[in-house]
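First up is the structure itself, then whatever we jot down about it.
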Amino acid sequence: MGIEYLGSLISKDTFIGIMMSGNPHVGYQKQGKYVEAFWLIPVQGRAEIFDAFAKHHGLRFGSPVKYNEGIEYIRIQNRKTLNTLMGMIPPCLIDVNQRVKYFFEVMRIINSKEHLTQEGRDKIELLKQKMHKWYTGKRRQKVWKQ
């Protein structure tokens with residue numbers, strides 16, 4: 001199967017639905033100004049299709065990694081890709097998911113470069129706490145790289 005065929009197996013709307021079942025995350029260096037915002041999407045058995053989807057739409061996804069007892073995820077961290085995907089999510093889906101809503105606010109802070117100020121980092125810390133109450137920070141291992 002060619003990449004164009006694989007990339008067309010799922011529509012943008014379908015991918016956004018899959019993305020909404022994933023988990024947005026935020027991390028940062030307490031001493032620095034670097035903020036890490038990324039989205040984990042489960043890919044078990046679909047990594048090749050997601051990779052083709054990304055290439056088909058000019059997006060950049062990370063290679064699959066294993067978290068939490070070996071479940072495979074792709075990590076979407078490229079800021080341009082995140083902003084593109086976030087633009088595809090209908091506002092009604094954002095409003096019903098507080099975690100996504102907080103993630104959008106963190107991305108707004110990053111995009112406006114407010115994260116470079118102490119006030120911006122303080123806002124991100126509060127949003128991160130609201131988003132990650134359950135997160136335990138499981139270790140990951142790389143699955144494949146092409």
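The values are calculated or read from the model by the stated rules, or taken from the named source; none is laboratory data. In this text, all values refer to a predicted model and were calculated from it rather than measured experimentally. Neighbour counts are summed over all protein chains in view; Cβ atoms, including those assigned to glycine, are modelled from backbone coordinates with ideal geometry. Surface areas here come from the heavy atoms of the whole protein model, side chains and all, with no ligands, DNA or RNA. Shrake-Rupley method; radii C 1.70, N 1.55, O 1.52, S 1.80 Å.
Looking at I89, I94, I110, I71, can you tell me which residue is hydrophobic (A, V, I, L, M, F, W, C), within 26 Å of F50 (Cβ to Cβ), touching a strand residue (DSSP E or B) at 6+ places or on another chain (Cβ under 7 Å) and open to solvent by less than 40 Å² (accessible area, probe 1.4 Å)?
Values: I89 fails: touching a strand residue (DSSP E or B) at 6+ places or on another chain (Cβ under 7 Å); I94 fails: touching a strand residue (DSSP E or B) at 6+ places or on another chain (Cβ under 7 Å); I71 fails: open to solvent by less than 40 Å² (accessible area, probe 1.4 Å).
After ruling out the rest, the residue left standing is I110.
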- Message: So S63 ticks every box in (1) surrounded by fewer than 18 Cβ atoms within 10 Å (Cβ to Cβ); (2) within 15 Å of the chain's Cα centre (by Cα); (3) in a helix (DSSP H, G or I) but one. Which box is left unticked?
- Response: (3)
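Do you know which of the residues in the stretch 1-38 that are among the aromatic types (F, W, Y), open to solvent by less than 80 Å² (accessible area, probe 1.4 Å) and over 11 Å from the mean Cα position of the chain (by Cα) is modelled with the highest pLDDT?
Kept after step one, since they are among the aromatic types (F, W, Y), are these residues of the stretch 1-38: 5, 15, 28, 34, 38.
Then keep just the ones that are open to solvent by less than 80 Å² (accessible area, probe 1.4 Å); that gives 15, 28, 38.
Imposing the further condition that a residue be over 11 Å from the mean Cα position of the chain (by Cα) reduces the set to 15, 28.
Details: F15: 90, Y28: 74.
Of everything passing the filter in the stretch 1-38, F15 is modelled with the highest pLDDT.
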- Top-ranked residue of the stretch 39-60 - restricted to ones that are in contact with a Ser or Thr (Cβ under 9 Å, 6 or more places away or on another chain) and of a type in the set (D, E, K, R), ranked as surrounded by the fewest Cβ atoms within 10 Å (Cβ to Cβ): R60
- Task: Looking only at the stretch 38-58, decide whether some residue is under 19 Å from M107 (Cβ atoms) and assigned to a helix (DSSP H, G or I).
- Result: yes
- Task: Examine the stretch 99-109 for a residue that is in a helix (DSSP H, G or I), of a type in the set (A, V, I, L, M, F, W, C) and either touching a Ser or Thr at 6+ places or on another chain (Cβ under 8 Å) or at pLDDT below 90 (or both), and state whether such a residue exists.
- Result: no
- Task: Report, by residue number, each residue of the stretch 74-86 that is under 24 Å from S112 (Cβ atoms), of a type outside the set (S, T, N, Q) and open to solvent by less than 60 Å² (accessible area, probe 1.4 Å).
- Result: R75, I76, L82, L85, M86
